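Right, one structure below, let's go through it.
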Amino acid sequence: MLLMPTRYLPLVALLLTSAAWAGDLDADRTLVAEREAERCAMLARASEAVVCIFAEPAAQGGGSGVLFDPRGYGLTNFHVVQEFVQSRQGFGGLGDGRLYRLRVLGIDAGGDIAVFKLEARETFPFMPLADSDSLRAGQAVAALGNPFVVAEDYQPTITYGVISGLHRYQEGQGNLLEYADCIQVSTSINPGNSGGPLIDMQGRVIGINGRASFEERGRVNVGLGYAVTANQIKRFLPGLIAGQFMEHGTLGAAFREIGGRLVVSAVQQLSPAEKAGVQLGDELVRLDGRALRTTNEINNAIAILPADWPVTLRLRRGAEEFETTVRLERLVLPMNQKFVPDLDDNHAALRGLLERARATAGIEIDPAATWCWRSADADEWCLVGDDVDSIEATAADRERRRLFAPLVQTPDLDVNWEWVGGDLVDGQIAAVIVHRPEDGVRATWRLRFEDAALLDVRFADPEGAVTWRCSDPRDFEAGRWPTRLVRTTADGGSSELRIETVTRTVETQP
């Protein structure tokens with residue numbers, strides 16, 4: 001057995017270490033190459049959903065957009081489509097090299113957002129919307145769009161950077177084009193990028209690019225871009241898809257910072273704040289569970305919410321703390337153009353929403369079907385075809401029949417039907433449908449926007465209002481239905497109904 005002199009051991013150790021380093025370096029290079037390939041593949045997929053937007057096919061200038069739904073629904077900036085918002089007709093180019101007809105649906109001029117729909121295909125590539133509340137400064141992001149209209153084949157330009165700031169504020173023009181609580185990025189944002197997506201490294205839309213800081217001379221990007229957050233857009237999305245003119249909300253109260261506290265300094269008459277009992281000198285502790293430190297943070301928190309949106313205030317008055325919930329009133333916009341919702345667009349979106357609701361519940365429609373719901377105490381009510389308001393039925397039966405009528409029927413959508421926008425129900429964003437019969441009780445259905453599951457139904461007439469809260473869904477042979485129905489009245493009365501069985505029968509002709 002040969003023994004190595006001890007003086008050679010350090011050299012051997014160095015050679016072995018060098019070999020290990022070389023192996024580690026090769027592994028690192030392989031890993032970097034794999035990550036780069038994954039990133040390029042993700043960006044290639046994301047690029048397929050980016051839209052180059054033009055007023056006319058031969059237009060020299062244009063903006064960008066992104067598809068967020070396979071049915072062709074897309075997002076862009078209001079200022080991108082403002083030129084043709086009255087006609088609602090434009091054009092959108094995709095990375096497949098084709099130009100598609102584009103129709104503007106709803107607009108949010110205050111927050112500089114619009115929803116459009118591309119036509120001529122059943123399905124389109126799309127990117128989902130992310131949860132923008134989970135973003136962090138320093139996080140890698142990419143902006144996709146068509147700056148300076150350099151891509152004649154509609155392939156988007158990709159710029160890469162990081163989130164350089166969160167909760168920024170960019171002043172608007174008399175409540176128009178206001179960027180509140182927005183994302184600041186180092187990614188290059190230039191003319192033509194407007195309306196395009198800001199995405200994370202999983203290929204999800206975290207915001208819509210719309211503004212940038214430029215040098216005083218010339219429109220040259222200096223590395224400060226701004227994007228409307230995805231979560232702000234989600235609150236407005238039900239109304240935008242429904243083709244509505246969306247407005248932002250205001251609380252009707254002003255605050256001052258006094259000794260590290262946020263104190264109410266003014267309350268407008270007949271404002272939501274006054275109606276909720278807010279008084280001068282009250283200290284704002286939290287807004288929707290969020291602790292705020294400055295008046296700018298209050299403005300940011302309110303400015304990203306739609307009109308009529310519910311807000312919970314936690315206030316301190318003297319030694320006592322209490323909570324109150326208010327609904328924001330509309331913030332007046334100085335619009336030169338009048339935007340009137342198109343009823344055909346609204347009804348097309350409403351039909352799609354009801355189809356999603358039936359798909360979620362696994363409900364099959366048949367005009368000859370009889371639907372019956374039986375409660376735990378053997379009480380039963382049935383709906384035959386479209387016979388909602390049968391003369392023989394009691395008032396209680398007619399009310400219960402209307403609960404589920406839009407889900408088991410195909411409503412005859414006339415001027416009395418409308419998808420009016422969105423709302424917040426137990427922390428969930430909901431789509432709101434209204435039926436205003438000329439000689440009957442107004443009905444309002446709120447469906448979870450994510451999957452169109454039924455959340456509640458409200459009936460209102462001059463004598464008062466009744467609300468049915470729907471929960472505890474369960475699968476039956478005839479579909480998935482809520483099994484717990486809680487009925488509350490305007491005077492505070494409450495009763496509960498438990499559904500035990502749901503049946504659907506169809507009579508066949510001999």
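Ranked by Cβ crowding within 10 angstrom, fewest neighbours first, how are VAL80, VAL311 ordered? Spell out each step's value before the answer.
Numbers: VAL80 29, VAL311 20.
By the 10 Å Cβ count, ascending, the order reads VAL311, VAL80.
Is there a quick way to get the dipole size of segment 123-243? I mean about its Cα centre, with the Cβ of Lys and Arg at +1 and of Asp and Glu at -1; what is the value in debye to the nearest 20?
On the way: 8 positive and 10 negative charges, 25 e Å.
Taking the Cα centre of segment 123-243 as origin, the dipole is about 120 debye.
Within a 10 angstrom radius of the beta carbon, how do GLU38, GLU274 rank from fewest other beta carbons to most?
Values: GLU38 11, GLU274 15.
Least to most surrounded, the residues fall as GLU38, GLU274.
Please list the non-local residues whose amide H lies under 5 Å from the amide H of LEU455, H modeled 1.01 Å from N, same-chain partners needing a gap of 5 or more.
Amide H neighbours of LEU455, under 5 Å, 5+ apart: ARG446, LEU447, ARG448.
Could you derive backbone 3J(HN,Hα) for segment 148-153 from the dihedral phi with the Karplus parameters 6.51, -1.76 and 1.60 (θ = phi - 60°), listing whole Hz in sequence and x where the residue is Gly or Pro?
6, 6, 7, 9, 6, 8
Could you work out how far the C-alpha centroid of segment 413-455 sits from that of segment 49-107, in angstrom?
Using only Cα atoms, the two centres lie 28 Å from each other.
Quick one: which residues, 5+ away or cross-chain, put their amide H under 5 Å from the amide H of LEU292? H built at 1.01 Å from N.
Answer set, sorted by chain and number: LEU287.
If the only charges are +1 at each Lys and Arg Cβ and -1 at each Asp and Glu Cβ, what is the size of the charge dipole of the chain around the Cα centre, to the nearest 20 debye?
Values: 52 positive and 71 negative charges, 308 e Å.
Approximately 1480 debye in magnitude.
Any idea which of LEU129, PHE84, GLN139 is furthest toward the positive side of the dipole for segment 50-241, if Lys and Arg beta-carbons carry +1 and Asp and Glu beta-carbons -1?
My answer, from the dipole projection, is LEU129.
Given points 7 Å out from each Cα along the Cα-Cβ axis, report the ALA37 to ARG98 separation in nanometres with one decimal.
Taking the simple label geometry, ALA37 and ARG98 are separated by 3.1 nm.
Kindly write out, for segment 462-469 in residue order, the coupling ³J(HN,Hα) from the Karplus curve 6.51 cos²θ - 1.76 cosθ + 1.60 (θ = phi - 60°), rounded to whole Hz, with x marking Gly and Pro.
Using θ = phi - 60°, the values come out as x, 8, x, 10, 10, 10, 10, 8 Hz.
Dipole magnitude of segment 430-471 about its Cα centre, charges +1 at Lys/Arg Cβ and -1 at Asp/Glu Cβ only, in debye to the nearest 20? It would help to have the intermediate numbers written out before the result.
Details: 6 positive and 7 negative charges, 31 e Å.
My answer is approximately 140 debye.
What are the ³J(HN,Hα) couplings of segment 404-414, residue after residue, when phi is run through the Karplus curve with 6.51, -1.76, 1.60 and θ = phi - 60°? Round to Hz, x for glycine and proline.
Each residue's phi maps through the Karplus curve to give 10, 3, x, 7, 10, 10, 9, x, 7, 6, 10 Hz.
Would you be so kind as to identify which of THR483, GLY243, LEU328 lies farthest towards the positive end of the dipole of the chain, taking Lys and Arg as +1 and Asp and Glu as -1 on Cβ and the Cα centre as origin?
After comparing all options, I get LEU328.
So which GluC sites (Glu not before Pro) in segment 83-168 pass both tests, a DSSP loop state and at most 16 other Cβ atoms within 10 Å of the Cβ?
Numbers: sites: GLU83, GLU119, GLU122, GLU152; in loops: GLU119, GLU122, GLU152.
In loop regions of segment 83-168 (DSSP not H, G, I, E or B), the sparsely surrounded GluC sites (Glu not before Pro) are GLU119, GLU122, GLU152.
List the lysines whose Cα lies under 25 Å from the Cα of LYS117, skipping any in the same chain that are fewer than 8 positions away.
Once the sequence-local lysines are set aside, what remains near LYS117 is LYS234, LYS338.
Readers should treat all values here as calculations from the given coordinates under stated rules, not as data from a laboratory. All of these numbers come straight from a predicted model, not from anything done at the bench. Because the Cβ atoms are built from the backbone with ideal geometry, glycine has one as well, and the counts that use them run over all protein chains shown.
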